[in-house]
Structures are given as structure tokens and as C-alpha cells.
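Participant: One structure is given below, represented as C-alpha cells, and several questions about it will come after.
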Amino acid sequence: MGKWDILRGPAEDGADKRSEEQQGIAQPALEVIRGQGTEISLPTDFENVIVCRDILRILEGRRSVRQYSEQSLSLVELSFLLWCTQGTKKIVGRSKKAAFKTVPSAGARHPLECYVAVQRVEGLEPGLYHYRSLSHQLEKVYEVDNFPQRLAEAAYDQEYVGTAPVTLIWTAIPERTYWRYPDQAEKYVLLDAGHVCENLYLSCGMIGCGTCAIGHYRQQKADELVGVDGEEELVIYMAPVGKKKEEEVKA
Ligand SMILES: Cc1cc2nc3c(=O)[nH]c(=O)nc-3n(C[C@H](O)[C@H](O)[C@H](O)COP(=O)(O)O)c2cc1C
């Protein structure tokens, strides 16, 4: 494999090798299920939490925020952020299905899953949750001991990651993209992740929250924290979220 190959398009003719889709292999599931059957429907009265709709102001004020106030997030604030980053608007197809979400994804393959490390959200027990994007629900995966320490440790000891009321942790199931794009799957999965996290920055700006993209993490620790095998499903990005501290708002 040559240097930067992951960033290159396919060879000369622009055609990927014969994909699993072209071979008639069944497509991977649109979503994983990680809970024990108790889904929490998320509220959608977003109007009550939006404080800014001006995209230019949000872009001008956007910074990576690494200090969070003690304040909890409300459930509708968390719901808003999940909707903006992975929300499903429509599911199409019969034998081959595709979801259309609030973020773009190469071929509408949507290889990402979103887990939510909840420390301070009104109405939610602390613990690790999984976002069921297709039905806009949360399911609890499990409780986690020493959450702040384990989050910080997973993030190469970036302490502030453990202090946020909520941390979104995105995993990838690369097979979903590989099924259609065998030569480009890695690149497309990473590009998809960028869109998702940018939507998080922007939607945080709309509700007075702040976030910081975290690409520097210990793979194995992060995979263990979320309880994925690190092969078929692996952590690729995370982002702590909280209300901005007063001084961060002014800065
Ligand atoms: C792919 C990616 C990975 C990042 N990883 C980290 C990280 O692990 N820790 C961190 O504190 N900031 C991280 N950041 C945030 C950048 O440091 C930040 O965007 C940059 O310093 C510019 O600052 P700004 O976002 O406030 O404009 C990451 C950003 C991106 C896009």
C-alpha cells in the first residue's frame, strides 16, 4: 500500500472493484441494537431550546470548547443534538433500504453509530446509551463505573473529556460502506464522520452549548468503553458536550 493511498480515488477508470452489492450479497443492517429492550423516546420540542438560528453568527463564534459549566443538559437539548448529527428523516427502498439523515453520507450508507456517555442529563440515569436513529430513541447499554476517569483515559488523559455532562462517541461499521464501495470505504467513512461532528459544532451553537472534536484516543480503551469488538465496529471519533462556562461565552 502506498503512502496516502487511503486518500486516493480508485484506479484509472474510476471504477471500484466488483462490490458485494453487485454480487447480490445482502446489505448490512441499517442500525445496531444494543439495549435490553427499554427504549426511551426522545422529545422533539426543539423550539424551546434554540437560542440562535443565525448561521453566520454561529460560524463566527464557533470554537472548540474544552471547559464546561456544572449545568446539566436537558433531555430535549440532548435530543436536539442527536437529531442534528444523525437524525433519520426518511427510509426508502424495499429489498435494499437506505436512510436519509440530517447529515450526508456517501451512497446514503450511513456507517456510523452514535453512543452517548451520559453524566448529567435531566431525566436520564448516568450510563452509556446508544442512539436509535431510525426511531429517534435512546437505549441504555449499561452503567459505567468511574465514568470521568474512563472517558479521560480513553482520550489519552485529556482530562476535560471526563468533565462534560455528555460525550458523544461515534463508532463506524465500515462494512456498510464497503458493501457498495470496496475501494473507497475507509475514505468515505472518515469523510462522513467529519460531517457529523461539524453538525454537532453547529447545533451546539444553536443551543448555547460547546463541544470539541476528539480524534486523539486510545483505540482499545475506547472500544472497550463502548463495548464493541474493534473489528466489525470500532470507535472513530468522540466529542464532549456541555454548556459553555460564562467566560467561554464572552471569549
Ligand atoms: C479530526 C480532529 C481531531 C481533533 N482531536 C482533538 C483532540 O483529540 N483533542 C483536542 O483537544 N482537540 C482536538 N481537535 C480540535 C482541534 O484542536 C481544534 O479544532 C483546532 O485547534 C482549531 O480550534 P477551533 O476548533 O477552536 O477553531 C480535533 C479536531 C479535529 C477536526
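Participant: Taking amide hydrogens as modeled 1.01 Å from N in the peptide plane, which residues meet the under 5 Å criterion relative to residue 207, leaving out close sequence neighbours?
Facilitator: Close amide H contacts, sequence-distant or interchain: 51.
Participant: Could you run the Karplus curve 6.51 cos²θ - 1.76 cosθ + 1.60 with θ = phi - 60° over segment 235-245 and give me ³J(HN,Hα) per residue in whole Hz, x for Gly and Pro?
Facilitator: Values, residue by residue: 5, 10, 6, 8, 7, x, 9, x, 5, 5, 5 Hz.
Participant: Starting from 0.36 nm per residue, how many nanometres of slack lie between residue 70 and residue 157 once their C-alpha separation is accounted for? Show your work: numbers first, answer last.
Facilitator: Working: separation 87, 0.36 × 87 = 31.32 nm, distance 2.03 nm.
Full extension of this stretch gives 29.3 nm more.
Participant: Do any GluC sites (Glu not before Pro) in segment 123-186 lie in a DSSP loop with no more than 12 other beta carbon atoms within 10 Å, and if so, which?
Facilitator: Those satisfying the criteria are 143.
Participant: Go through the chain and flag any cysteine with no other cysteine's C-beta closer than 4.7 Å, please.
Facilitator: Unpaired cysteines in the chain: 52, 84, 114, 197, 212.
Participant: Anything over 32 Å Cα to Cα? Flag those among 101/221; 17/101; 17/140; 140/244, in the order listed. Provide the component values of the computation, followed by the final result.
Facilitator: On the way: 101/221 29 Å; 17/101 27 Å; 17/140 39 Å; 140/244 26 Å.
Over 32 Å apart, Cα to Cα: 17/140.
Participant: Could you give the angle, 0 to 90 degrees to the nearest 10, between helix 185-206's Cα long axis and the longest principal axis of the Cα atoms of the chain?
Facilitator: That works out to roughly 20 degrees.
Participant: Related question: List the longest stretch of the chain that has no exposed loop site; here a site is one of the chymotrypsin sites (Phe, Trp or Tyr not before Pro) assigned by DSSP to anything other than H, G, I, E or B, with at most 15 other Cβ within 10 Å.
Facilitator: Longest site-free region, per DSSP loop and neighbour criteria: 5-155.
Participant: Something else about it: How high is the relative contact order of the chain? Use alpha-carbon pairs under 8 Å, at least six apart in sequence, and give a whole percent.
Facilitator: Worked out over the chain, it gives 27 percent.
Read the figures in this text as sums done on the coordinates, not as results from a lab. The structure displayed is predicted, hence computed values, not measured ones. With ideal geometry, Cβ positions are generated from the backbone for all residues, glycine too; neighbour counts draw on all protein chains shown.
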